[in-house]
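As structure tokens, the structure follows; a few thoughts come after it.
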Amino acid sequence: MLIVGGGPAGAALALQLARRGGAVTLVEASRDAGRQFRGEALMPSGLDALAALELWPLPAAIPQRPLHGWRFAVQGQTLFEAQEPLGSRQPCTLIDQPALLQELGARAKACPGMQRLSGRAVVDLLWDPSTAGAPGREPARVTGVVLSDGSKLRADLVVACDGRSSLLRQKAGLALEQERSPIDVLWFELAAPASAELARWLEGRFLTVLGDGGSFALFQSARGAVQLGWALDPGERPPAAGDWRERWAAASPAALALLLRRLPAEACSGPVRLSVQVGLAERWWRPGLLLLGDAAHPMSPLRAQGINMALRDAVVAAEHLAGANNQEAALEAIERARRPEILTIQALQRQEGARGERLRHSRPLRQLLAASARWIGPLLARRWSADQRQLRDGAGTITPTASLPPLPGPR
Ligand SMILES: Cc1cc2nc3c(=O)[nH]c(=O)nc-3n(C[C@H](O)[C@H](O)[C@H](O)COP(=O)(O)OP(=O)(O)OC[C@H]3O[C@@H](n4cnc5c(N)ncnc54)[C@H](O)[C@@H]3O)c2cc1C
């Protein structure tokens, strides 16, 4: 089996299949896992997937930080707070994604059938010419890939885990129903130890700030730096150069504004623009090819779902693929098993996004909420927490619950 892409979906699938004695080749375009930005929030749904991958409790080698809560501030006032774990078995947990990918890679490498080709990009698919699309003939079959150096790798199955802009999805002609994302994100890192005071003030909370000057979210990452994501309308030009600390402070509650203004300029790196893509492939497979993770369903960053869904895809796909004697039936079963959860989660993200957008774009609404925060805040906290249930715990099962090891507490 050939897996293209060593992000969460590809790395987890490779490990599960290699563990079961399969011959697996993973091709990854980058040389290491340390690209500019990789998300790091894992919901209990993703932690369940890690348990199924025998990676829970998380090994100490993976930097990790359980989140303590969520706080929302509008017009410089706290609107409401919700404490983790919000009724789930585990709190949302921040992990260092490159370290997680390295751990998955190291465990897979220890399996005899595993081969990894890093720093090699796939540029095309190979097709069985005898099945090439004549009307009335069976659909064309993928038989391998072409690498950037022109070499060819053949495989009985190619699994495309090559992320949201998936080249393989495009080459296979599998259409993506694209959805308009309400935001793009400008990403900043506020380095430790200069941001230590700010991190102390955050007290492990994920904070969303909505104000006249703009909207952003910030949290202390697993490795200790504070990450800050500034929301832009899709395609909107970032503000002209200026002092970002002042811009953040102008939208913030007074205590936070003070800390942001105190940050030394050299501690703030970025911004990196992350254009958000959201969508769902109309079909996830064709003979010889399967799409998984963002390649099948690019996820919005809202409420941190993409890594979780990618890991869950991998666990389910491995169950169906290991020892399958009818490949097409297995591919069909994987899509049937995973599509409903993705549809539900994307719908919930859409709802949450629409609420956030109303607030981001309506000053009167923000003012009304800020003025009534004392009374309306506790109500909103209860309502919001209830709405989060499936975004946290998942909208289906990935293995029969009885076979999942219980989740012990985090280290
Ligand atoms: C701003 C932002 C913040 C986010 N934050 C979070 C978060 O906190 N929590 C969360 O759960 N999700 C988050 N997400 C979503 C999450 O990052 C993705 O959904 C998740 O990474 C998808 O995993 P994947 O394995 O499918 O794809 P990816 O992680 O994109 O991995 C794809 C891999 O394929 C490789 N590749 C691509 N093309 C080729 C090729 N042609 N040949 C070989 N290799 C190739 C890439 O180098 C990459 O390593 C965020 C997304 C955004 C945009």
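The values are calculated or read from the model by the stated rules, or taken from the named source; none is laboratory data. Please read these numbers as outputs of a predicted model, since none were measured by experiment. With ideal geometry, Cβ positions are generated from the backbone for all residues, glycine too; neighbour counts draw on all protein chains shown.
Given the structure, is Leu289 under 23 Å from Gly22 (Cα atoms), within 14 Å of the ligand (Cβ to nearest atom), surrounded by 24 or more Cβ atoms within 10 Å (Cβ to Cβ) and over 20 Å from the mean Cα position of the chain (by Cα)? So that I can check it myself, show each step before the final result.
Details: under 23 Å from Gly22 (Cα atoms): yes; within 14 Å of the ligand (Cβ to nearest atom): yes; surrounded by 24 or more Cβ atoms within 10 Å (Cβ to Cβ): yes; over 20 Å from the mean Cα position of the chain (by Cα): yes.
Yes; evaluated as a whole, the condition is true for this residue.
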Residue pairs meeting the criteria (Cβ under 9 Å; at least 6 apart or on separate chains; first in contact (Cβ under 8 Å) with a residue 60 or more places away in the chain, in segment 353-364; second basic (Lys, Arg)): Leu359/Arg366; Arg360/Arg366
Scan of segment 226-258 for residues that are part of a loop (DSSP other than H, G, I, E, B) and crowded, with 20+ Cβ neighbours inside 10 Å, ordered by number: Ala251, Ser252
If I go through segment 158-179 residue by residue, how many of them are away from the ligand (no atom under 13 Å from the Cβ) and surrounded by fewer than 20 Cβ atoms within 10 Å (Cβ to Cβ)? 5
Consider only pairs whose beta carbons are under 9 Å apart and that are at least six residues apart or on different chains; among these, list those whose first residue lies in segment 218-229 and is in contact (Cβ under 8 Å) with a residue 40 or more places away in the chain and charged (D, E, K, R) and whose second residue is outside any loop (DSSP other than H, G, I, E, B) and more than 10 Å from the ligand (Cβ to nearest atom). Arg223/Arg65; Arg223/Ala99
Need pairs with beta-carbon distance below 7 Å; first residue under 17 Å from Ala370 (Cβ atoms) and within segment 249-273, second assigned to a helix (DSSP H, G or I) and hydroxyl-bearing (Ser, Thr, Tyr); sequence gap 6+ or separate chains. none
Mind checking whether some residue in segment 72-88 is within 16 Å of the ligand (Cβ to nearest atom), assigned by TED's automatic domain parsing to the domain that holds Ala296 and within 20 Å of Ile398 (Cβ to Cβ)? yes
Hey, any hits in segment 294-310 for a residue that's in contact with a strand residue (DSSP E or B) (Cβ under 7 Å, 6 or more places away or on another chain), within 30 Å of Ala196 (Cα to Cα), assigned to a helix (DSSP H, G or I) and more than 16 Å from the ligand (Cβ to nearest atom)? no
